[in-house]
Amino acid sequence: MHASRKPLIAGNWKMHYGGPAGVELAIACVRIAPKVPKVELVIAPPFTALAACAHECEGKGVAVAAQNFYPKDQGAFTGEVSAPMLKDAGCTWVIVGHSERRQYFGETDASVGEKTKVAIASKLPPIVCVGETLAERESGKTLEVVRRQVAAFLDFIAEAPGVAAIAYEPVWAIGTGKTAGPAEAEEVHAAIRAQLADRLPEVAEKTRILYGGSVKADNAKGLLGCANVDGALIGGASLDAASFGAIAEAAQGLT
Ligand code: PGA
């Protein structure tokens, strides 16, 4: 972490806790906030729980993110949800380009770029996800793949330095219990930051680059201690408020 960037700890609930149980989890997350004043906390419930969770979190130090959106404001797009609708529901962040969306729902570098552009224009800051698959890592293509993914949205985040966050999530580490070690994570984070600096130094200085992929209470400190790791995007462990809180406290301890 770096003193100039506030650590961001975000919980991606995926397709879990979409009803009353989600509201309870949000309330439990609100209780974490006073213990970690130097950390920005974000939770990303499913669409169905966003408004209710945002209601519980309002003014209490926990921001609410959606996990996806459709990059048009309104119209005949059955089943989709727009950035203005998410803002109406109380969201102040949106996750864009998660690997599960790329893998199962046909998202491409181009659609991730478009969503990043529209999210920023809509004043709904995106957490844009990148990361290589196991096959790509094993064939030595990690940095090439991540640079290509970042290039697809770099121009858009350069227009508003520090508004978007980037999450580096190696696909092979998501939900598998395998994490990139701190040195492996730092190598990619440093490469992303260098790519941002090439475009505009201010973007490199201000953009928070989160690590994601099996982050737990017991490995958080090592990962968050890396110079270019500014926070975490947490799946499984964010479904348990005690684990999520312990990760946030690890970040607080490093500030
Ligand atoms: P995980 O998920 O922490 O369960 O590996 C991370 C993510 O997909 O954002």
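Any read-out appearing in this document is the output of simple, stated calculations on the displayed coordinates, not a laboratory observation. Note that the structure is predicted; figures quoted are calculated from it, not measured. Reconstructed Cβ throughout: ideal geometry from the backbone, glycine too, with neighbour counts over all protein chains shown.
Structural remarks
- Selected residue (criterion: surrounded by the fewest Cβ atoms within 10 Å (Cβ to Cβ)) from residues of the stretch 106-140 that are among the hydrophobic types (A, V, I, L, M, F, W, C) and closer than 19 Å to W172 by Cβ: A135
- Any hit, the stretch 139-148, residues being farther than 24 Å from V23 by Cα and of a type in the set (G, A, S): yes
- Single residue of the stretch 96-105 satisfying the filter (assigned to a helix (DSSP H, G or I) and surrounded by 13 or more Cβ atoms within 10 Å (Cβ to Cβ)) that is nearest to the chain's Cα centre (by Cα): S99
- Every pair of residues 6+ apart whose Cβ atoms lie under 9 Å, when the first sits in the stretch 195-206 and is without any contact (Cβ under 8 Å) to a residue 40 or more places away in the chain while the second is small (G, A, S) and buried (at least 17 other Cβ atoms within 10 Å of the Cβ): A197/A204; D198/A204
- Hits in the stretch 106-144 - residues which are part of a helix (DSSP H, G or I) and in contact with a strand residue (DSSP E or B) (Cβ under 8 Å, 6 or more places away or on another chain): V112, K115, T116, A119, I120
- Filter pass, V81 being over 22 Å from E159 (Cβ atoms) and either away from the ligand (no atom under 16 Å from the Cβ) or acidic (D, E) (or both): yes
- Single residue of K38, K87, K60 found to be basic (K, R) and more than 22 Å from A164 (Cβ to Cβ): K60
- Evaluation of T179 against (1) away from the ligand (no atom under 16 Å from the Cβ); (2) buried (at least 18 other Cβ atoms within 10 Å of the Cβ); (3) among the polar types (S, T, N, Q) (one fails), failing number: (1)
- Close Cβ contacts (under 7 Å, 6 or more residues apart or on different chains) running from residues in the stretch 144-155 that are of a type in the set (S, T, N, Q) to residues that are not in a helix (DSSP H, G or I) comprise Q149/V130.
- Only one of the numbered conditions (1) of a type outside the set (A, V, I, L, M, F, W, C); (2) away from the ligand (no atom under 15 Å from the Cβ); (3) within 15 Å of P182 (Cα to Cα); (4) surrounded by fewer than 21 Cβ atoms within 10 Å (Cβ to Cβ) is violated by E202, and that is (3).
- Counting the residues of the stretch 205-231 that are basic (K, R) and crowded, with 20+ Cβ neighbours inside 10 Å gives 1.
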